[in-house]
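Okay, so here's the structure we're looking at.
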Amino acid sequence: MKIFNFFNLDLSKQNQSKFRKIKLLICSLLLIMSFTIIGYRTISLASINKEDVSNKAYAEIENEPNLKSLRGNIYDRNNKILATTISTLSLNVNPQEILNLDQTITKLIKIFPQLKEKDLYKRLNSNKRHINLLKEISPREYVNLLNAGIEGLKIETKNKRIYPNNTLASHILGATDIDGNGIAGIEKMFDSQLQGGRDVTLSIHSGIQHIIRKLLLNQIKKFEAEGGAGIIMNAKNGEVLSSVSLPDYNANNYNSVLNEKLFNKATKGIYELGSTLKLITAAIAFESNLINENDVFDVSKPLKVSSRIINDFHPLNYAINIPEVIVHSSNIGSAKIAEKFGSSTQLKYLKSLGLLSKLSLEIPELGKPQVLIDKKVLSTMTISYGHGISITPMHLASATATIVNSGVKVNPTLIKGKIDKKNEVIISNKTSIKIKSIMRLVVSNEYGTAKKAEAPGYLIGGKTGTAEKINPSGGYSKKENIVAFTGAFPMNDPEFILTIMIDNPKGQKFSFGRRTAGWVAAPIVKKIVTRIAPILGVNPQLESSSKFSNNLLNYKIRGKNYGANL
Amino acid sequence: MIRYPSSLIFFVILFTGISLYQIKHSITKKEIELTQIKNNIKSAQSNINILKAELSYLKRPDRIEKIALEKLGLREILPTDIWNINDLVNATNILSNGENK
């Protein structure tokens, strides 16, 4: 009301008391405004706003990943650490801040006996302001340094990526550079995830990885081979439990390792894997419905196609059916089967099995297959027994898995629990059962080329392959071989795929000079399965059990002597 | 002469000022505590990582295998050690036949 009256005043009268009222009113308004501002400021300062930039600390504690600044760990399928980051201390010194050089050197040598007095004297007696004395010191040495009270020393904290298992799965894990960025393997592929402090759990099983590595290494040494690869894969979901490439290296010394050792033979190296491809030829033959298991092929004479003559390593002088072609590993038989279904059908199945393109595995080191696609009869024939087609051992393992997994495509993965939603059927279950039955015979039958792979109770099945190595200058080497085995166990319900490749084994006295897959790759399969089956929970079973006979077919295989009676 | 409302306002301002100062002071204190806790967490995490890495190093499969073979005298499991009870009767015959071959 006073304000109302104030505007109705007659100012010309200049009444003293009214002026006073006006002054008081103005003062009151100013005071009210001041208190309002102070009150607002009090409330705003007293209340803690989470989004306020000044309260970063509060925001950080709410946000969990920010708290974990270290690079994420890499675990195996049983949560064992395969790669982790730790803080290390490095010892640096500013020579200009040292007051008593002799005393400093004496104290330093007492704590670090590895340092040489002469060298220290030379280094510390310089004009430099920063010298790195030791790249890493232990926490105990750090405490001793603090107690010694040496002037001019500077301790720097650095993050270091370490691989506690040294050589185990080094090709898979890869490495990081000096700035902590992934430069190879899983470290590179999952770099952004690991940089954000999130962990990666692999499908790799440390124990199995070690067993494969050890047994493969022994065999490589025994046959003086150049190297090799070994893969164990879950036959149903494609999880890779082990992927070994030899020679390997200590993952902690990545930067000082030769390129030859860094090369991943299991996923990047492409090789002609020989007769192991006959399994695919047989599968195509059954699936095309052009040939059945009773059709026979004359393998008694070498097959001449264009300028090339196709021979058999174990010649037979009678006509044989598909199971016998595979068990005896007949190149002639395989070539004649391929001739029947032709190049287009062959390439269609090779493509659908993923043998014409790179795999979608979670590491960057992947090899692209090389296949002779000229659609000529000779190429179709040679590809049928694994010549003119170079693939990685991982490709072979993946194709084997697809064939034994009722024909449903299996895509290999290095990540535990990754679900492949596609349910792509490549071959029928009927064909799958036929191939599984033949694979078992290759190992269990007395004429099978992989007899030495037989481990009683574990029902191993597979196929061997021996191929001449490709010369870098062109053509094939008669003296150097690539030997391979691909298979699964237990064959009545395959749970795991096992693929082995050994590069250039030499004939030994105990092998009677032989260096074929049957002598080099098959024995190691037996050893591996005997060791890993109990770990994987695969129980031994009898071949005569109903479970086995219901799941597989029984083909009769004739031997070399059968031909003698003809 | 000081009137009652003015003195009340004065005390309210004084109280507010002191409270504000105390709140700011306690926030600063809490922020320091928070930083210390965060540093402790980081340090503990770092130590845990080192311990985990050491544990992983000690649990290396090659080391465990060596200890199992050399110190504990353990041997690898053979198929004959884990036969199914139903197959046990036939197993011995089959295995002995296999060995003879």
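The values are calculated or read from the model by the stated rules, or taken from the named source; none is laboratory data. Since we're looking at a predicted model, the values are computed, not measured. Cβ atoms come from the backbone with ideal geometry, glycine included; neighbour counts cover every protein chain shown. These accessible areas exclude ligands, DNA and RNA; they are computed on the full protein's heavy atoms, side chains included. Shrake-Rupley method; radii C 1.70, N 1.55, O 1.52, S 1.80 Å.
Laid out as a table, the results:
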item	result
Accessible surface, per residue, of segment B:4-59 when the full set of protein chains is kept, probe 1.4 Å, Å²	78 Å²
Pair A:Phe35, B:Asp81: separation of 7 Å Cα→Cβ label points (nm)	8.9 nm
Carbon/sulfur fraction of accessible area - segment B:4-59, other protein chains in place, 1.4 Å, %	70 percent
Mean Cβ neighbour count within 10 Å, used as a protection proxy, ranking A:198-205, A:415-422 highest first	A:198-205, A:415-422
Peptides ranked, highest mean first, by Cβ atoms within 10 Å: ranges A:165-176, A:455-466, B:16-27, A:259-270	A:455-466, A:165-176, A:259-270, B:16-27
Local net charge near B:Leu55, Cβ-Cβ under 13 Å (Lys/Arg +1, Asp/Glu -1)	+4
Rounded percent of accessible protein surface that carbon and sulfur make up, chain A, 1.4 Å probe	52 percent
Under 13 Å, Cβ to Cβ, from A:Val305 - net charge with Lys/Arg +1 and Asp/Glu -1	+4
13 Å cut-off, amide nitrogen to a point 7 angstrom out along A:Glu136 Cα→Cβ, residues in segment B:11-51	B:50
Between segment A:93-112 and segment A:466-489, the alpha-carbon center distance in angstrom	61 Å
Length released on extending from A:Gln370 to A:Lys128, taking residue separation times 0.36 nm less the Cα-Cα span	81.5 nm
Karplus 3J(HN,Hα) series, Hz, for segment A:423-431 with 6.51 cos²θ - 1.76 cosθ + 1.60 (x for Gly, Pro)	10, 7, 8, 9, 10, 6, 5, 4, 5
Under 18 Å between alpha carbons - lysine pairs in segment A:453-547 that sit 8 or more apart or on different chains	8
Accessible area of segment A:295-388 divided out per residue, in Å², using a probe of 1.4 angstrom	43 Å²
Distance (nanometres) between label positions extended 7 Å along Cα→Cβ at A:Asp420 and A:Val257	2.7 nm
